[in-house]
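Each remark here refers to the structure printed beneath this line.
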Amino acid sequence: MAELRSFMFEKVYLMDKAIIEEKRAYNMVSAMYNYYLNDLTLLPKRYYKLLDNYDKHTVVCDYLSSMTDRYAIKTFKEIFVPKNFDD
């Protein structure tokens, strides 16, 4: 396990390309966080119902953290990229 961890940090996590992408991913997730926080009714019903028991920040974070990378990018595009620009 330690060997795999060392490899991942050396070859993946700390590469210049990964660091650049990390900033872009942070901006993407931050934009979606604010989007859902500003209108909680846009959350999927499953998560919207959680607002009865949990604070809005926790619910939005839980929703975003449940996304795979591909799903997050797809969702970001659906929210922020005009439809005729996505081709």
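Return the sequence-ordered ³J(HN,Hα) values of region 47-55 in whole Hz as given by the Karplus equation 6.51 cos²θ - 1.76 cosθ + 1.60 applied to θ = phi - 60°, using x for Gly and Pro.
Working through the residues one at a time gives 7, 4, 5, 5, 5, 5, 10, 9, 6 Hz.
Could you size up the charge dipole of the chain around its Cα centre, putting +1 on the beta carbon of Lys and Arg and -1 on that of Asp and Glu, and report it in debye to the nearest 20? Spell out each step's value before the answer.
Working: 13 positive and 13 negative charges, 38 e Å.
Approximately 180 debye in magnitude.
From the Cα gyration tensor of the chain, with a ≥ b ≥ c the square roots of its eigenvalues, which class applies: rounded if a/c is under 1.5, or else prolate if a/b is larger than b/c, or else oblate? Intermediate values should be presented prior to the final figure.
On the way: a/c = 2.79, a/b = 1.49, b/c = 1.88.
It is oblate, given that a/c is not under 1.5 and a/b is not larger than b/c.
Just check region 28-70 against the gyration tensor rule for me: Cα atoms, a ≥ b ≥ c as the square roots of the eigenvalues, rounded for a/c under 1.5, and otherwise prolate or oblate depending on whether a/b exceeds b/c.
Working: a/c = 1.80, a/b = 1.42, b/c = 1.27.
Taking the square roots of the gyration eigenvalues as a ≥ b ≥ c, region 28-70 is prolate.
Toward the positive end of the charge dipole of the chain, about the Cα centre and with charges on Cβ (Lys, Arg +1; Asp, Glu -1), which of 47, 63, 19 goes farthest?
47
Apply the Karplus curve 6.51 cos²θ - 1.76 cosθ + 1.60, θ = phi - 60°, to the phi angles in region 63-74 and return the couplings in whole Hz, x for Gly and Pro.
4, 5, 6, 7, 7, 6, 4, 4, 5, 4, 5, 4
Straight distance only, please: which lysines reach the Cα of residue 77 with their own Cα at less than 19 Å, same-chain residues fewer than 8 apart left out?
Cross-link targets: 23.
Rule-based calculations on the coordinates, nothing more; no lab input. What you see is a predicted model; the values in this text were computed from it and never measured. Using ideal geometry, Cβ is built from the backbone for each residue, glycine included, and neighbour counts are taken over all protein chains shown.
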